[in-house]
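The values are calculated or read from the model by the stated rules, or taken from the named source; none is laboratory data. The shown structure was predicted, so the numbers you read here are calculated from the model rather than taken from an experiment. Reconstructed Cβ throughout: ideal geometry from the backbone, glycine too, with neighbour counts over all protein chains shown. Accessible surface is based on the protein model in full, side chains and every heavy atom, while ligands, DNA and RNA are left aside. Shrake-Rupley method; radii C 1.70, N 1.55, O 1.52, S 1.80 Å.
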Amino acid sequence: MSGPEVAKTPGGGAPGKEGKEPVANGHSEGEANPFAEYMWMENEEEYNRQVEEELLEQEFLERCFQEMLDEEDQDWFIPARDLPSGVGQIQQQLNGLSVNDSSTEDIVRKSSLNPEAKEFIPGVKY
C-alpha cells in the first residue's frame, strides 16, 4: 500500500495494527527500528573521509600533471615566448652582425700562420 491507500487505513497507516495508537515520533512501539531509514548516516564520517581523500588525490594528480606540462613547455622552443618581443631588438642584433670583406683581408695579411702547412690531426706525429 502506498499513497492515498495508506492514509485511508485506521491506525496511522500501519497495516495490521488498526486501533493501536502511534508513538509521538510517528512509529508504533512494536516496529523493529524506527530509525532504519536514517541508518545510512551511521557511516557518514567514513564516507566523508573517503570522498575527501578522493578529492585530494584528484587535486594532487592535477597539480602534478600541470607541473609536468609546465616543465615540458620550458623545453620547447616557442617563438612568441623565446624570441625578442620587438622588431627593433631584432634589427639591433642584425646590425651588430655585419661582415666586412676588407677586415678579413687585413686579418689574412697580418697572420703569422703558414697557409701551406699540413692539416693538424690530434694524436698524429709528423
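Karplus-based coupling profile of region 110-126, in residue order and whole Hz: 8, 6, 9, 7, 8, x, 8, 6, 5, 5, 6, 10, x, x, 9, 9, 9, with θ = phi - 60° in 6.51 cos²θ - 1.76 cosθ + 1.60 and x standing for Gly or Pro.
In the complete set of protein chains, residue-level accessible area for Phe65 is approximately 110 Å², probe 1.4 angstrom. Zone of Ile90 (label point 7 Å along Cα→Cβ, backbone N under 16 Å): which residues in region 55-84? The answer is 78-84.
For Asp82, Asp75, what's the largest-to-smallest order of accessible area, 1.4 Å probe? Walk me through the numbers before you get to the answer.
Numbers: Asp82 70, Asp75 130 Å².
Ranked from most to least accessible, the order is Asp75, Asp82.
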